[in-house]
Amino acid sequence: MAAGLPPDALGRRVACGTDYGTVRYVGSVSPTAGIWLGVEWDDPQRGKHDGGYEGTQYFKCRHPKGGSFIRPNKANFGVDFLTAVKDRYGLNDKQDVQCGTGNTVVIGTKTVEFVGMDSVAEQQRQVQLNKLVDISVRECAVSHAGQEDEISRTCANMRHINLSKNLISSWETVVAIASQVQNLETLNVSENKMRFPSTSTFTSSAFSNLKILALNQTEITWTEVLLCAQGWPVLEELYLSSNNITVLERPDNVLQTLKLLDFSNNQLLDGNQLHLVAQLPRLEQLILRNTGISSIHFPDAGFGCKTKMFPSLKRLAINDNKISQWSSINELDKLPSLRALQCNNNPFIDTEKNPETLKQLIIAKISQLEVLNNCEILPAERRGAELDYRKIFGKDWLEAGGHWNPEKNKPSEEFLAAHPRYPALCLKYGAPEEGELKGQQPLTLKNQLLTLTIKCPEKPEQKPVEKKLPESMTIQKVKGLLYRLFKIPGSDLKLSYESSKLEGKEVELDNDLKPLQFYSIESGDCVLVRW
């Protein structure tokens, strides 16, 4: 074996400059002399072949040009955890006070002798290491834990560790490090391509306090997650992005404390696989960005009912997927706790060219939504979206058997499947009548003129004025018009309106930058002016 080559080199992670790879072969390569390492590189462009040379196959690669041979002295097998910590935080022997020979230290131009200087410096290092709570050794070539109990003796107060993009080859190494950190709460071991247990093994108490774990780009499978999860009794956040996870299983007696689960950039493809993780009782946030899913369905609940799946789910991200049907958005209204949704970059979005209309449709379809694509939904915006939805699809509702008289109201199953919230909107705002729907104009018509009555409640002697205004006119411009009309500065005006259909309800026009249509004002409504 070559000098300096670890006895367990086969299967180890190595770095060569800025390139990372896994040792797949250790030995001679005919006709050359000496020991070679056959490396499968993370970036196939770094390689030259598939592990074969001169007709002999020495190792195998996933990519036809993902491998090459290097001499052992070119490979960095990494350092132990504590060495990396000392290097990163300037606490190793080389970075102490400037030392002279023996037990002397140089202060300015004078050389002063100290008795036991080495032990004093070591004690200072120990004190500083013990103060570290949040440690990052990202890209520090950490490959092993080091001497037994050395970490627990030196860094007793660590709670948060970033071990991402190092040279960790197996989950056992992670356990060896974590088992020496008593109060470990956050651990990031992403970008370490490592081996995980394939069978249920004895689980240590290494992760007994762990709340947050990141395993992005580690090549872990969902089966391996469930095996390891037996040792994560209080885990709340689990990040599994970019791991080629394609198949899910039901997590029995594990992950029951989980609040956040990130599956982004894993090709799950089948939305029904989500049913297998739907019973996690505390799951509040599910990230499914770019997972290839094309539909979402909760078969246990009918139109207008709530599903028993994902009982605590508040935040859902399904952006960058292949969802093409509005029926999947309808299904999301079945989630009993959903409050925030991200759904950009899905084919169903292309069915509506007007982005404002698209937003209104989603808001109207999901009753409890408070945040859409990171934008807060204001109460006036929800009211406007729901009133518009009720009006736009009112004609379809009537043609499908809908009626303002409850005894005659029997909309078809087909209509309810396409618009499951419509009955609830009719209960909330009243069923639309035929007269209201006559001459209906498209929602996207920007410059429709509204005939509005303008009143000053505080000045009864001022006669009401009737004005025709485009619904795209902003509140700020309306105030400018009223200034010319009443000679009152726009900054002093406070506007609201009463709907002709909802008597006694007054809605504040509180955002100067929004158009009249944002508040769903219709012809016949009354604008109230106060100052």
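Couple of notes before you dig in:
- Test: Ile454 is of a type in the set (A, V, I, L, M) and within 14 Å of Ala380 (Cα to Cα): no
- Residue check for Gln273: more than 24 Å from Phe415 (Cα to Cα), surrounded by fewer than 20 Cβ atoms within 10 Å (Cβ to Cβ) and either of a type in the set (A, V, I, L, M, F, W, C) or modelled with pLDDT under 95 (or both): yes
- Residues that are over 23 Å from Ala385 (Cβ atoms), touching a Gly at 6+ places or on another chain (Cβ under 8 Å), open to solvent by 30 Å² or more (accessible area, probe 1.4 Å) and of a type in the set (Ser, Thr, Tyr) do occur in the range 476-494, at least one of them.
- So Gly21, is it among the small types (Gly, Ala, Ser), buried (at least 19 other Cβ atoms within 10 Å of the Cβ) and either in contact (Cβ under 8 Å) with a residue 12 or more places away in the chain or in a loop (DSSP other than H, G, I, E, B) (or both): yes
- One residue alone among Gln476, Gln462 is modelled with pLDDT of 80 or more, within 40 Å of the chain's Cα centre (by Cα) and not aliphatic (A, V, I, L, M), and that residue is Gln476.
- Taken residue by residue, the range 233-243 has no member that is assigned to a helix (DSSP H, G or I) and either under 18 Å from Arg282 (Cα atoms) or not small (Gly, Ala, Ser) (or both).
- Search result, residues across the range 455-475 that are outside any loop (DSSP other than H, G, I, E, B) and either open to solvent by 80 Å² or more (accessible area, probe 1.4 Å) or under 16 Å from Leu516 (Cα atoms) (or both): Lys455, Glu466, Lys467, Lys468, Leu469, Pro470, Thr474, Ile475
- Asp396 being more than 20 Å from Asp510 (Cβ to Cβ), more than 33 Å from the chain's Cα centre (by Cα) and not in a loop (DSSP other than H, G, I, E, B): yes
- Once the range 127-171 is narrowed to residues that are in a helix (DSSP H, G or I) and open to solvent by 60 Å² or more (accessible area, probe 1.4 Å), the residue that is modelled with the lowest pLDDT is Val127.
- The residue list Leu437, Leu387 contains one member that is modelled with pLDDT of 85 or more and more than 27 Å from Gly480 (Cα to Cα), which is Leu387.
- The selection criterion, being crowded, with 18+ Cβ neighbours inside 10 Å and either under 30 Å from Glu148 (Cβ atoms) or not polar (S, T, N, Q) (or both), does not hold for Arg71.
- Matching residues, the range 232-264, being out of contact with any strand residue (DSSP E or B) (no Cβ under 9 Å at 6 or more places or on another chain), closer than 22 Å to Leu163 by Cβ and surrounded by 20 or more Cβ atoms within 10 Å (Cβ to Cβ): Asn243, Ile245
- Failed condition for Thr32, given (1) open to solvent by less than 20 Å² (accessible area, probe 1.4 Å); (2) assigned to a loop (DSSP other than H, G, I, E, B): (1)
The values are calculated or read from the model by the stated rules, or taken from the named source; none is laboratory data. Given the structure is predicted, the values throughout are model-derived calculations rather than measurements. Reconstructed Cβ throughout: ideal geometry from the backbone, glycine too, with neighbour counts over all protein chains shown. Ligands, DNA and RNA are excluded from the accessible area calculation, which covers all protein heavy atoms including side chains. Shrake-Rupley method; radii C 1.70, N 1.55, O 1.52, S 1.80 Å.
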